[in-house]
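Asks: I am attaching a structure below and will ask some questions about it afterwards.
The values are calculated or read from the model by the stated rules, or taken from the named source; none is laboratory data. Just so we're clear, the structure is a prediction, and the values are computed from it rather than from any experiment. Cβ placement follows ideal geometry from the backbone for every residue including glycine, while neighbour counts extend to all protein chains displayed. Heads up: the accessible areas ignore ligands, DNA and RNA and are worked out on the full protein's heavy atoms, side chains in. Shrake-Rupley method; radii C 1.70, N 1.55, O 1.52, S 1.80 Å.
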Amino acid sequence: MKRRHQVVLFAVLLLSLTILSPSFDFRGVPQSQDQDQENDAFPNAISRSENQQAPVEIVVSMSESEFQVFSTIAKQVAAARMVKINLRNLESDTYQKVLDDELAVGDSGDIILLDSAEIQGYAKRGHLYPLNATTLSKALGDSVSQLRDKTEWNGYQWGMPFDFDPYVLASRSQSLADASLERLPQNLDEWTRVINQMENKSRKLLAININDAYAADAWLNEFGSGVAPSTLRTATESHTVGEYEQALQVLNRVQPYIQVQNTNLSFADKDMQEEALMIVTPFSQLVKDDLVLTEDRLTNRIMFKPLAPVPSRSFVITSGSHEAEQASRWIEGMTSASVQSDWYQQAHHLPGQQQQLNTESRKLSVEEKMMSSNGQEWFMSKTSETAVMENPEQVLQFNEKVQQFLHGKISANQYANDILNIQQSSK
């Protein structure tokens, strides 16, 4: 009887030690040190065998043509990295609401391709997973620093820069030469010189998409802080009264020579080359349409100047993801040099990784497809995006005033007063 009690006590002791041991697996296999470290790096990851992995859900918002390219590349990367994925493309007009609703209940998928300017806000609300805790921590240092800055908050990186598509001011080299200009205008004095050349001529100075608030904002940034909604300042800040007044005077002179369009512009339209000296358009549009222009490309090259602020997109991992390890592996593949090159060649968005950006920028010059007026410096402007452009309601209000100015319904002075009033009324 006493021996039976000893056996029972021994069995209870063994069971207790088994349960309390952190390195014992109930299948009888001790966990390795590497597995412990992996679990520490991915606290949300569920331990599954290779065949039990749930697909990584990836959410984007793109045009149908862009999504077709993205889908093909994404699936190739998934196969190469041995990651199962599901892709979901949300409509642009419902994207923001669907995303906010799903994030609020922790059901927004594993990876989202976000506008980089929105990342800090989502991180502050606890919706994102810090990438420093993933295998992406080293690769983050290879991304373009100006884009990476937008994804940082509280000492952590919350997004991996994927691509960017700046607005550009562009013209044909021959058109500028005909107007006695050697380059695109760089400051207020040069804008004044261009206007003087265009006076009493039927040709317009500038064509712009009236329906794109961010295109107009990028162009207005050329005239200094406080002129564009994204760099709105009070009269006591960064600019002097004299500089501000000079900018408004120049804009009033430019206004009669603005031609508004309802779509993005390019030089593929021969009539556009005759109607306007310069255009404001996304860089991707410029590259895409120039690929089919084979006549006189070398003698009549496109000159372009990047404008600010620069729209960019980054991959984020949601805080509710249980597939952080798989998600980071897939993102690492999407931001590799070869994939970034493929994405640029097919979608014409510039790479978010610095080395690949340098490579593609050199090609633009060496192959003489295009010629930048400022040495391919994509981030020359010191102006920055501010919270005032993150409020959708205010964007609509600002856009209304911008359209009124571009249409010639209000003066530059009235426009400036109106956008300042909109900003002050929101405080």
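Asks: Can you work out which of the residues in segment 168-180 that are in a helix (DSSP H, G or I) and of a type outside the set (D, E, K, R) is least open to solvent (accessible area, probe 1.4 Å)? Steps first, answer last, please.
Replies: Narrowing segment 168-180 to residues in a helix (DSSP H, G or I): 173-178.
Among the residues that remain, those that are also of a type outside the set (D, E, K, R) are: 173-177.
Working: Ser173: 28, Gln174: 86, Ser175: 16, Leu176: 1, Ala177: 57 Å².
Filtering segment 168-180 for residues that are in a helix (DSSP H, G or I) and of a type outside the set (D, E, K, R), the one least open to solvent (accessible area, probe 1.4 Å) comes out as Leu176.
Asks: Tell me the residue from Val292, Val260 that is among the β-branched types (Val, Ile, Thr), out of contact with any Phe, Trp or Tyr (no Cβ under 8 Å at 6 or more places or on another chain) and modelled with pLDDT of 80 or more, please.
Replies: Details: Val292 fails: modelled with pLDDT of 80 or more.
Being among the β-branched types (Val, Ile, Thr), out of contact with any Phe, Trp or Tyr (no Cβ under 8 Å at 6 or more places or on another chain) and modelled with pLDDT of 80 or more holds for just one of Val292, Val260, which is Val260.
Asks: Same structure again: Kindly establish whether Asn196 is in contact (Cβ under 8 Å) with a residue 24 or more places away in the chain and either in contact with a helix residue (DSSP H, G or I) (Cβ under 6 Å, 6 or more places away or on another chain) or open to solvent by 10 Å² or more (accessible area, probe 1.4 Å) (or both).
Replies: On the way: in contact (Cβ under 8 Å) with a residue 24 or more places away in the chain: no; either in contact with a helix residue (DSSP H, G or I) (Cβ under 6 Å, 6 or more places away or on another chain) or open to solvent by 10 Å² or more (accessible area, probe 1.4 Å) (or both): yes.
No.
Asks: Right, here's the next one. One residue is enough: does segment 138-148 have a residue meeting the conditions touching an Asp or Glu at 6+ places or on another chain (Cβ under 9 Å) and free of Cβ contacts under 8 Å to residues at least 12 places away in the same chain?
Replies: Looking for residues that are touching an Asp or Glu at 6+ places or on another chain (Cβ under 9 Å) and free of Cβ contacts under 8 Å to residues at least 12 places away in the same chain, one finds none in segment 138-148, hence no.
Asks: Of all residues in segment 181-214, how many are in a helix (DSSP H, G or I) and either over 26 Å from the mean Cα position of the chain (by Cα) or on the phi > 0 side of the Ramachandran plot (or both)?
Replies: Just the residues of segment 181-214 that are in a helix (DSSP H, G or I), to begin with: 188-198, 213-214.
Restricting the remaining residues to those that are either over 26 Å from the mean Cα position of the chain (by Cα) or on the phi > 0 side of the Ramachandran plot (or both) gives 188-198.
Result for segment 181-214: 11.
Asks: Can you find even one residue in segment 147-160 that is on the phi > 0 side of the Ramachandran plot, surrounded by fewer than 22 Cβ atoms within 10 Å (Cβ to Cβ) and among the small types (Gly, Ala, Ser)? Lay out the reasoning, then the answer.
Replies: Quick first cut of segment 147-160, residues on the phi > 0 side of the Ramachandran plot only: 154-155.
Next, from what is left, pick out any that are surrounded by fewer than 22 Cβ atoms within 10 Å (Cβ to Cβ): 154-155.
Cutting the leftovers down to among the small types (Gly, Ala, Ser) gives us 155.
Checked segment 147-160: at least one residue is on the phi > 0 side of the Ramachandran plot, surrounded by fewer than 22 Cβ atoms within 10 Å (Cβ to Cβ) and among the small types (Gly, Ala, Ser).
Asks: Could you check how many residues of segment 309-366 are of a type in the set (Phe, Trp, Tyr), in contact with a Pro (Cβ under 9 Å, 6 or more places away or on another chain) and farther than 18 Å from Leu286 by Cβ? It would help to see each step written out before you state the result.
Replies: Initially, segment 309-366 is screened for residues of a type in the set (Phe, Trp, Tyr), giving 315, 330, 343-344.
In the following step, the residues that additionally are in contact with a Pro (Cβ under 9 Å, 6 or more places away or on another chain) were identified as 315, 343-344.
This time we only want the ones that are farther than 18 Å from Leu286 by Cβ, so: 315.
Looking only at that region, the number is 1.
Asks: Would you check which residues across segment 65-88 are closer than 16 Å to Asp110 by Cβ, open to solvent by 60 Å² or more (accessible area, probe 1.4 Å) and among the small types (Gly, Ala, Ser) and list them?
Replies: none
Asks: Taking only pairs six or more apart or across chains, which ones have beta-carbon atoms under 8 Å, a first residue in segment 354-370 that is within 19 Å of Phe267 (Cβ to Cβ) and modelled with pLDDT under 80, and a second residue that is of a type in the set (Asp, Glu) and not in a loop (DSSP other than H, G, I, E, B)?
Replies: Once the first residue is within 19 Å of Phe267 (Cβ to Cβ) and modelled with pLDDT under 80 and sits in segment 354-370, its partners that are of a type in the set (Asp, Glu) and not in a loop (DSSP other than H, G, I, E, B) give Lys369/Asp290; Met370/Asp290.
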